1. Can you tell me how many residues in the range 300-319 are in a strand (DSSP E or B) and either acidic (D, E) or crowded, with 23+ Cβ neighbours inside 10 Å (or both)?
2. State which residue is modelled with the lowest pLDDT when the search covers only the range 78-99 and only residues that are of a type in the set (F, W, Y) and surrounded by 21 or more Cβ atoms within 10 Å (Cβ to Cβ).
3. Go through the range 187-214 and give me each residue that's part of a loop (DSSP other than H, G, I, E, B) and over 26 Å from G130 (Cβ atoms).
4. Within the range 405-440, track down each residue that is modelled with pLDDT under 95 and either in a loop (DSSP other than H, G, I, E, B) or touching a Phe, Trp or Tyr at 6+ places or on another chain (Cβ under 8 Å) (or both).
5. What is the number of the single condition among (1) farther than 25 Å from N237 by Cα; (2) out of contact with any strand residue (DSSP E or B) (no Cβ under 7 Å at 6 or more places or on another chain); (3) assigned to a loop (DSSP other than H, G, I, E, B) that S362 does not meet?
6. For residues in the range 261-276 being assigned to a loop (DSSP other than H, G, I, E, B) and among the aliphatic types (A, V, I, L, M), which is farthest from C332 (Cα to Cα)?
7. Please work out if V294 is within 11 Å of the chain's Cα centre (by Cα) and not in a helix (DSSP H, G or I).
8. Taking the condition part of a loop (DSSP other than H, G, I, E, B), more than 22 Å from A103 (Cβ to Cβ), more than 21 Å from the chain's Cα centre (by Cα) and of a type in the set (F, W, Y), does F331 pass?
Amino acid sequence: MPAKRPIRNRRAPLRSARSASRYLVALFSAIVVLILPTSGSTPDWAGESTLLTLPRVPWEGGPAYWKQFPAADAAGWSSPDFFPIVAWYNGISSDGEAQYDKALGINTYIGMDASTPYSLFADNGMYWIGPALNDTFTSGSKNWVGAFLDDEVDGRYTPEEGRAHLRELSHAAGKDGRFSYANFTQSVLSKDMRPADAEAYLNDFTDVVSVDMYWYTVPFCSAVPYRENYLAAIPQNGCRSSASYGTALTMLRERDAADGRLQPLWQFVEDLNGGPGDQPFTANITPAQLEGAVMSSLIGEARGIVYFNQSLSGPCQGGSVLRLSQVEQDFCGAGQASAVGRIDALIKQLAPVLNTQSFAYSFGPNLRTMFKVSGDSAYIFSMMGAGTSAGQRSFQLPAGVTGRAVEVVNENRTIPVGAGGAFSDSFGSEADYHVYRVRL
C-alpha cells in the first residue's frame, strides 16, 4: 500500500459515548422510510404501493445520519443535496486553487499543510476533516466538520496495539460535535485477520470508515502465485476491474454490520497511481477506469468518495495530482483529472437520488445495479457483472414501474421499454456504466 503520511488526531469524538445515539438515528430513519417517501422524494404515482413492498438495502440513515453531529449538521451535510467528495492531500494556498478543486467536484479535504488558514475553507465553501491546523481554527469553525483519527493503523500495529492507539485518540478527543473518521488497509477485509480484530477496528472508534485498496494499479493483482483470502472472492482474472471496488464495499459492510450499527462507508479511488513507491510500477488508472471505479463504489453503497491524490511510482508522479493538473501544461495526469471532474459532476447532479435508501432488486443476470426512487422517477445505476464479457444486457423493471421509455442520464438518448417492462442496452467494457431514469 502507498506510504501515506499518517495524521495523529487528538480531537476525534468519543465513539462509545455516541454509539447508542448513532444506532437510534439509523434505526429511526430505517423505520421512517418504510412508512414515508425517502428523503428528497415526494412520489405521487400509481406504482408507489407496489414498489414500497420491495425490500430495502440496509443503510445508516442517509442525510439524517449527520444530524447527530452538530458541526456537520450546521455545515449542511444533512442536506439531501450534499455528497462527500474528498481529496487526500491536495493543499490549498489560494482561493484560486480551492475554486479549481471545487470545479472538479471536490468539497472536502483530508491532509493539509499546517500553515493553511481556516479562511480558505470558509470563503470557498470547502470542508476540513482533521486536527486544528493552527490558531485560525476555533471551536466555532463551521467548515471544520470532522476529526481524522489515523490512517492504516491495522497495517502499522498489532491488533492489540492498534486498538489501544485508536482508543487513546478517541478518548483524548472529547466531545466537540464533530464526527470521527479512520481509514484502514484491505487487511480488515481479509480472512487472514481474526474477525474480532477486524470488527473492533471498524466498529469501536469511528463514525465514518473506509478501506484503501487500489485494485487497478497495485502489484497485488499480478502476483505469481496469486493469493487472495477475502470475505468475498476476487479471482485474479477479475482483480483489475471496477467490480473489485464494489466488492470491497460489500465486504466492508459485512464487517461494519457485525455490531448491529451501521455507519457511512467511504471508498478510496486512486486518481492516477496507487502503487507503493518502493515496489515496481504496475499501471496508472485510465480515465475510463477511474469513472468505473467510482461508479462501482456507488453501486456498492458508498456514501462518500476519497481520491488518493498522490502518485508515488511510475513515469507520472506527484504529491498532488489535482494540483499538478491545474498548474502544469500538458500534465501527464490531465486525462484522469478531467475524469474526476466528469464523475463528480454526475454525483453532484444525482446527490438527491444517491442520498435515498436503495431497493433490493435484481434486474437480470450478469449485471451489477443499484435501484432508487426519487420524486416521480426510478433510477437504475448499472454496470456489467464481475467477470462477464462486454455486450448486450437485458433489464426487467419491477412491478409498479410502468414507464415506456428509459432516459439514459447524460447520454442524450432514450431506450424503449417493452410491454412486459423489459429493455436492453450494451456495455463496451468492464468499466462502462449507465444510469437510467424511468418516469413512474
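1. The number of residues fulfilling the criteria is 5.
2. It comes out as Y89.
3. At the first step, the residues of the range 187-214 found to be part of a loop (DSSP other than H, G, I, E, B) are 191-194, 204-207, 213-214.
Passing the criteria: K191, D192, M193, R194.
4. Across the range 405-440, the qualifying residues are A419, G420, L440.
5. Of everything listed in (1) farther than 25 Å from N237 by Cα; (2) out of contact with any strand residue (DSSP E or B) (no Cβ under 7 Å at 6 or more places or on another chain); (3) assigned to a loop (DSSP other than H, G, I, E, B), S362 misses just condition (1).
6. L262
7. So V294 fails the test.
8. Answer is no for this residue.
The values are calculated or read from the model by the stated rules, or taken from the named source; none is laboratory data. What you are looking at is a predicted structure, and each value in this text was computed from that prediction instead of being measured. Quick reminder, even Gly has a Cβ in these numbers, built from the backbone with ideal geometry, and neighbours come from all protein chains shown.
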